[in-house]
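Undergrad: My questions will all concern the structure given below.
The values are calculated or read from the model by the stated rules, or taken from the named source; none is laboratory data. Just so it is clear, the structure is predicted and the values come from calculations on it, not from any experiment. When we count neighbours, we look across all protein chains shown, and the Cβ atoms used for this are built from the backbone with ideal geometry, even at glycine. Surface areas here come from the heavy atoms of the whole protein model, side chains and all, with no ligands, DNA or RNA. Shrake-Rupley method; radii C 1.70, N 1.55, O 1.52, S 1.80 Å.
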Amino acid sequence: MSFPWAKQYEPQQPLMKWLDEKLPLPRLVYNAVGAGYPVPRNLNYFWNFGVLAGAALAIQIITGIVLAMHYAANAGVAFNSVEHIMRDVNAGWFIRYAHMNGASMFFIVVYLHIFRGLYYGSYKAPREMVWLLGVVIFLLMMATAFMGYVLPWGQMSFWGAQVITGFFSAIPVVGEPIRVWLLGGFAPDNAALNRFFSLHYLLPFVIAGVVILHIWALHIPGSNNPTGIEVKDEQDTVPFHPYYTAKDGFGLGIFLLMFVLLTFFSPNLLGHADNYIPANPLSTPAHIVPEWYFWPFYAILRAFTFNFLWIDAKLWGVIAMFASIALLFFLPWLDSSPVKSSTYRPLYKKFFWVLVFDVLLLGVCGKMPAEQPWVVLSQIGAAYYFAHFLIILPIVSRIERPAPMPNSITEAVLAKHADDMSAAATA
Amino acid sequence: MVRPLGFLVGLGFIAALLCAIFTTPLSNEPNAAHEFHKHPRHLALSSDGLFPRWDLQKLQRGMQVYKEVCSACHSLNHVAFRDIGELGYTEGQVKSFAKGFQVPSVNPDTGEPATRDGLPSDYFPAPYANEVAARAANNNALPPDLSLITKAREGGKDYVYSLLTGFQNPPANLPKELQPATGLHYNPYFANLNLAMAPPLSDGQVTYADGTKATVDQMASDVTAFLVWTAEPKLVKRVQVGWAAALFLVIFCVLAYLSYRNIWADKKH
Amino acid sequence: MASETNLNAGIEEGVRRRDFINIAAVSFAGVGAVAVVLPLVNQMNPSADVLALSSTEIDISAIETGQAIKTSWRKQPVFVRNLTATEIAAANKVPLSELRDPQTLAERTKVGKENWLITLGVCTHLGCVPLGAAEGEPRGDFGGYFCPCHGSHYDTAARIRKGPAPKNLVVPPYEFTSDTAVTIG
């Protein structure tokens, strides 16, 4: 579906006409990310992050395929094969560091993309399916990143695998058999490493598939925008190409610049020193921490220290950690306000920023050792996290009085420019 | 349905967390070792910063310290003899250096384990055949491999340098349970203060070919510089490539921004 | 009138400048993409540790006249053969015009060491290892090597004489470091 005023693909050259008849792939691209896709004219820079996430996925897949040409998924040699890549393979250090930091860049971009969606209400009708597919992508990314981190077979790889698969042993009765089944043994070893490698290679392509569905679902209602008001007529939109391809090109440049600074000047900044020690099943590092993008969830996991009701603390932690992501699936129905953008939701906007602060706080707590004051802060932070989505949001959406809204995107744009003009005039 | 159910689930999590908050003691267990533990001292090397370069003289001295002192107990598994060509040695020097080592081999006639002269393609041989042998010879402590040590420790090169120069007598007010046991040595830069490694360096322990005075501090600094190189031989190249890539991207960003402004010139947004 | 012309010229110039910037940005991106593709292609070339194994030393003191050994260089088989006087004579007797890949035995050995024939054990047809280096293996119709895959026959100078292979067995770069030691590579 598209807006009636969307430009139609009209191939000029005979070859393109022939191709359009046999396999209309150029037409598909034209309508998806070309001039045939009308997009609201008022998108701000936060709308760059979808394309950037796609770029990050492409970078990970390309560098990953190359690394797999040199990596050996065998517990005896995996660590050495990574060092072989770093030292002997032509440009191997560059490709490995790019893949390692590319994962961090991917998560940074995706987190900004998610919070953009939260701020501007992109999860609401008519875009619920876009949001649901997005949460699926996020879950797949987390699984892929976790298994990728195991592959170098350093101390953090090994103990990360031990701890994460240990979650399953919290499940009563069937938990331990499930854990042993996942690992193919009683502790992470060759069998686990091999299956993690296999799945780590597979899942990015599954992600790419779900990304296509995500974009497909987006193209049915069209993109949201900072006002949250749906597109009404042609003057509300511009064609994706060249307007947003140009803007995304600039965004991509900034993204790559950040990526280069991280990869070449401080490639181990976001890593952990212990992962340069080969895995040793007989010695646990003093302080096990996951990669930074899991810190908030790790903090939620550790916040539950009390055997509440008939469920023990460990199981509470595991349930809460999975629930903290699973609740995102219900978000479109937890928030019943018809207004999308926080610009016109004064009360929701305040809680949104509290949530941002809360997730950052949980992130810090997840990095820190399980000592005070971090334990109590993570408990408060986790409590707010659940309260925000499950209690505050439904109430706010019921009692809030939205601010007056413009009638259309164009009206909002013109009003903004009139403000700028009068400000310039008074100045 | 979603909202009332969600409300109850939310209350459940919050109740569990409130119980957790009120049952967790707010003070940490005292950790006396923390008080005596010191942060590593900074070691400035030419390979630091935004314009790193290798000080080849220093790296050669560092390798000499490794070979004459550290290699008695510590392996250097990831470094091959051919790699030291990057430290400014000629091909011939690398060959004769490699020849000075005996590497494990197989007797071609009997198939028995044997040794032969090292070749440039061989790796630095390990001092012990395996972990059990290493522990047996070191009072059950395992001397770690040094190839990656400056990347594999919190604090990196500063930590390695501080540890090498940080051996001292325990302070008078050190609690009894933190006093070094037999065979351990007090070092405030080590996490639990007592280290199985005896102070490895003493003044004048090696004789430098370039006439540099071999003080403990000099040797520690040299060998740390060498271990920075072994941990990441591509460090200098990495930053150089980084500069080229960053400058290229800055220009690209400017062009892309101008192009973006041009395309949008006639649209208010 | 004059001012109007100036205005028009200004617009035209503006259009061209605009196009120029777009083209510059896109071509810059293209250059960057090529610069990234180069290392991604180059990574498939032999790595430093593979290149370091580029020379092999062989002790030939134990190879008696008429015997051959199989060794390896760069993970490829190498045949070292101590030719008998009869084999040398047989090789020298063949007129060059009869050969598919004309070369004399002298061209394929070192001066004064004509009895030492050192070749890769890789058939030039499709890369199988020919027979004839070990005791008791068939040496083909010409007393040299015989490739069982597709029936190529090599003579006592390891030159192709019959069968599908297009070239003689390759002589690798080597030198005698002493009377009993050869370094290949």
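Undergrad: Considering only C-alpha atoms, what is the centroid distance from region B:127-168 to region B:1-66, in Å?
TA: 22 Å
Undergrad: A follow-up question, please. Just the number, please: carbon plus sulfur as a percent of the accessible area of the protein assembly as shown, 1.4 Å probe, no ligands or DNA/RNA counted.
TA: Details: 27790 of 43150 Å².
Accessible surface attributable to carbon and sulfur in the protein assembly as shown totals 64 percent.
Undergrad: Next question. Give the accessible surface of the protein assembly as shown per residue, rounded to a whole number of Å², with probe radius 1.4 Å and ligands, DNA and RNA excluded. Walk me through the numbers before you get to the answer.
TA: Working: 43150 Å² over 881 residues.
It amounts to 49 Å² per residue over the protein assembly as shown.
Undergrad: Cα to Cα, under 26 Å, and not fewer than 8 places away if on the same chain: which lysines meet these conditions relative to C:K113?
TA: Output for C:K113: C:K70, C:K75, C:K93, C:K167.
Undergrad: Ranked by accessible surface with a 1.4 Å probe, highest first, in what order do A:Y45, C:Y174 come? Present the calculation step by step, with values, prior to reporting the outcome.
TA: On the way: A:Y45 105, C:Y174 15 Å².
Listed by decreasing accessible area, they come as A:Y45, C:Y174.
Undergrad: Which whole-number percentage describes the relative contact order of chain B, with Cα contacts under 8 Å and a sequence gap of 6 or more? Could the numbers behind the result be given before it?
TA: Values: 306 pairs, mean separation 61.9, N = 269.
Across chain B, relative contact order equals 23 percent.
Undergrad: Moving on. Taking H as built 1.01 Å from N, whose amide H comes closer than 5 Å to the amide H of C:K162, not counting residues under 5 places away?
TA: Residues meeting the amide H criterion: C:H153.
Undergrad: Roll a 1.4 Å probe over the protein heavy atoms and report the accessible area of C:E114 in Å², nearest 10.
TA: In the full protein context, C:E114 sits at about 70 Å².
Undergrad: So for the pair C:L53, B:E154, with labels modelled 7 Å out along Cα→Cβ, what separation do we get in nm?
TA: The modelled label-to-label distance comes out at 4.1 nm.
Undergrad: Given contacts defined as C-alpha pairs under 8 Å and at least six residues apart, what's the relative contact order of region B:82-214, whole-number percent?
TA: On the way: 125 pairs, mean separation 15.7, N = 133.
Averaging sequence separation for qualifying contacts and normalising by length gives 12 percent for region B:82-214.
Undergrad: 222 nm [θ] for chain A, helices only, -39500 (n - 2.57) per DSSP H run of 4+, per residue, to 500?
TA: Details: 17 runs with 255 residues, N = 427.
Value at 222 nm, helices only, nearest 500: -19500 deg cm²/dmol.
Undergrad: For chain B, modelled as a Gaussian network with Cα springs under 10 Å, which listed residue fluctuates most, B:F51, B:F248, B:F226?
TA: Sorting by GNM fluctuation, first place goes to B:F248.
Undergrad: Work out how much length A:F357 to A:H417 would gain on full extension: take 0.36 nm times their residue separation and subtract the Cα-Cα distance, in nm to one decimal.
TA: Numbers: separation 60, 0.36 × 60 = 21.60 nm, distance 3.19 nm.
Gain in length upon complete extension: 18.4 nm.
Undergrad: Nearest 100 Å² is fine: what is the total accessible surface buried where chains B and C meet, probe 1.4 Å? Walk me through the numbers before you get to the answer.
TA: On the way: alone 17580 and 11340 Å², together 27810 Å².
Interface between B and C: roughly 1100 Å².
Undergrad: With a ≥ b ≥ c the root eigenvalues of the C-alpha gyration tensor of region A:5-155, is it rounded (a/c under 1.5), prolate (a/b larger than b/c) or oblate? Mind dumping the intermediate values first?
TA: On the way: a/c = 2.87, a/b = 1.57, b/c = 1.82.
Taking the square roots of the gyration eigenvalues as a ≥ b ≥ c, region A:5-155 is oblate.
Undergrad: Then there is this: Identify unpaired cysteines across the protein assembly as shown, taking unpaired to mean no other cysteine Cβ lies under 4.7 Å from the residue's Cβ.
TA: By the Cβ distance rule, which asks for a partner under 4.7 Å, the isolated cysteines are A:C365, B:C19, B:C70, B:C73, B:C253.
Undergrad: What lysines sit close enough to A:K247 to cross-link, taking a C-alpha to C-alpha distance under 21 Å and skipping anything fewer than 8 places away on the same chain?
TA: A:K7, A:K416, B:K267, B:K268
Undergrad: Can you give me the relative contact order of chain A as a percent, contacts being Cα pairs under 8 Å and 6 or more apart? Don't jump to the answer; show the numbers that get you there.
TA: On the way: 508 pairs, mean separation 91.9, N = 427.
It comes to 22 percent, rounded to a whole number.
Undergrad: For the B and A pair, go ahead and give the buried accessible area with a 1.4 Å probe, both sides summed, in Å² to 100.
TA: On the way: alone 17580 and 21600 Å², together 33740 Å².
The B and A chains share an interface burying roughly 5400 Å².
Undergrad: Once the Cβ-Cβ distance between A:A326 and A:M69 is put in as r, and R0 is 30 Å, what FRET efficiency do you end up with, to the nearest 0.05? Don't skip to the end; give the middle numbers.
TA: Numbers: r = 37 Å, r/R0 = 1.23.
Step by step, r from the Cβ atoms, then E = 0.20.
Undergrad: Related question: Can you return the aspartates and glutamates within cross-link range of B:K99? Criterion is Cα-Cα under 19 Å, with same-chain partners fewer than 8 residues away left out.
TA: Candidates past the 8-residue exclusion: B:E68, B:D83, B:E86, B:E91, B:D117, B:D122, C:D49, C:E57, C:D59.
Undergrad: Residues of region B:230-263 losing 50 Å² or more of accessible surface, assembly versus chain alone, probe 1.4 Å, please list them.
TA: B:K234, B:R238, B:F248, B:L249, B:F252, B:C253, B:L255, B:Y260, B:N262, B:I263
Undergrad: Membrane-span-like helices in chain A: DSSP H runs reaching 15 Å or more (Cα, own axis), mean Kyte hydropathy at least 0.0? Walk me through the numbers before you get to the answer.
TA: Details: long enough: A:49-68 (28 Å, 2.21); A:92-120 (41 Å, 0.73); A:128-150 (34 Å, 2.00); A:155-166 (16 Å, 0.42); A:190-219 (44 Å, 1.28); A:245-260 (22 Å, 1.43); A:313-326 (19 Å, 1.64); A:346-367 (33 Å, 1.22); A:374-387 (19 Å, 1.19); A:409-426 (26 Å, 0.30).
Going by DSSP H runs, the hits are A:49-68, A:92-120, A:128-150, A:155-166, A:190-219, A:245-260, A:313-326, A:346-367, A:374-387, A:409-426.
Undergrad: Order A:E371, C:E175, most accessible first, counting only protein heavy atoms with a 1.4 angstrom probe. Can you show the working numbers first?
TA: On the way: A:E371 75, C:E175 115 Å².
Listed by decreasing accessible area, they come as C:E175, A:E371.
Undergrad: List for region A:294-311: residues with 20 Å² or greater reduction in accessible area, all protein chains versus chain alone, probe 1.4 Å?
TA: Checking the loss per residue gives A:F304, A:T305, A:F306, A:F308.
Undergrad: Provide a list, ordered by number, of residues in region A:383-412 showing at least 50 Å² less accessible area with every protein chain present than when their chain is taken on its own, using a 1.4 Å probe.
TA: Going by heavy-atom accessible area, the residues of region A:383-412 that drop by at least 50 Å² are A:L390, A:I391.
Undergrad: Given the C-alpha centroids of region A:40-56 and region A:141-220, what is the distance between them in whole angstrom?
TA: After rounding, the separation between the Cα centres reads 29 Å.
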